[in-house]
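Below: one structure, written as structure tokens.
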Amino acid sequence: MAKFPEPPGVDVLRVIPPVLHRLPEATTVARLCFAGGEHPTSWDRFRFFGPTTSRFDHQLRDGQGRAQVQDRGIMYLATGPKAIPTCLAEVFQATRLIDRSARDPVLSGFRLAAPLVLLDLTGPFATAIGASMAIHAGPRPRAQRWAQQLYAAYPDIDGLLYCASMYGNAPAVALFERGARAIPKRPVFHRELRDTVMVGILTETGRAIGYVVV
């Protein structure tokens, strides 16, 4: 059997008891988003257009197989002591170039306003459902199909806890619109990457993971 096959179907997944991870209220998370360019957003907004090229987009395509605006929203976050470099490594992985200006990137941190219940894909549960840890680094369109079926099979989850493959498997979160209650009214940290305050962390992260900072 392939290490990362197609998902088995919602009915099959529903009979597998979920392994859950709970992020308590007031947990600090980080997010890197783009205020300009294609699909601009802000630190507290979900993206309701999709699926795009992001790994766990759970949106459904239209009848012609195209991405579309819909009720399913997604927000990618990182948590833990390495949350900021995790965001940088994941967001800029395609080019390995941390561009401080293109599309107006903004790094934010905020404390959860409510606890989150996440499906834990960081351990053996990924194997139990038939995927394996390859779900974190395998083909993205297939990972999206897994996200779509997991979303339907486990209606009580707020999102997915997964391993950031570009930063040592640090914890990352694909937060579904179901978790909107946990987004606070204001962040505790909010800086454009072009801000001079960001130079140190950007340079340090780039050096650690081999990314160029411009």
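The values are calculated or read from the model by the stated rules, or taken from the named source; none is laboratory data. All of these numbers come straight from a predicted model, not from anything done at the bench. Cβ sites come from the backbone with ideal geometry, for glycine too, and all protein chains shown count toward neighbours. Note: areas computed on protein heavy atoms with side chains; ligands, DNA, RNA excluded. Shrake-Rupley method; radii C 1.70, N 1.55, O 1.52, S 1.80 Å.
Points worth noting:
- For region 181-200, the candidate set comprises residues that are open to solvent by less than 50 Å² (accessible area, probe 1.4 Å) and in contact (Cβ under 8 Å) with a residue 40 or more places away in the chain; within that set, the residue that is nearest to LEU20 (Cα to Cα) is ALA182.
- ALA26 vs. criteria at pLDDT 95 or above, assigned to a loop (DSSP other than H, G, I, E, B) and touching a strand residue (DSSP E or B) at 6+ places or on another chain (Cβ under 6 Å): yes
- For region 57-93, the candidate set comprises residues that are of a type in the set (A, V, I, L, M, F, W, C) and over 21 Å from VAL106 (Cβ atoms); within that set, the residue that is most open to solvent (accessible area, probe 1.4 Å) is VAL69.
- Count of region 163-180 residues, restricted to those that are without any contact (Cβ under 8 Å) to a residue 40 or more places away in the chain, closer than 16 Å to ILE84 by Cα and not polar (S, T, N, Q), is 0.
- Exactly one residue among PRO141, PRO171 is in contact with a Ser or Thr (Cβ under 7 Å, 6 or more places away or on another chain), open to solvent by 50 Å² or more (accessible area, probe 1.4 Å) and either closer than 13 Å to HIS58 by Cβ or not in a helix (DSSP H, G or I) (or both), and that residue is PRO171.
- When region 29-38 is limited to residues that are over 15 Å from the mean Cα position of the chain (by Cα), open to solvent by 20 Å² or more (accessible area, probe 1.4 Å) and under 22 Å from LEU202 (Cβ atoms), the one that is modelled with the highest pLDDT turns out to be ALA35.
- Hey, GLN148 part of a helix (DSSP H, G or I), modelled with pLDDT of 95 or more, open to solvent by 20 Å² or more (accessible area, probe 1.4 Å) and touching a strand residue (DSSP E or B) at 6+ places or on another chain (Cβ under 9 Å) or not: yes
- Looking across region 106-130 at every residue that is open to solvent by less than 20 Å² (accessible area, probe 1.4 Å) and in contact with a Lys or Arg (Cβ under 8 Å, 6 or more places away or on another chain), the one that is nearest to LEU13 (Cα to Cα) is identified as LEU118.
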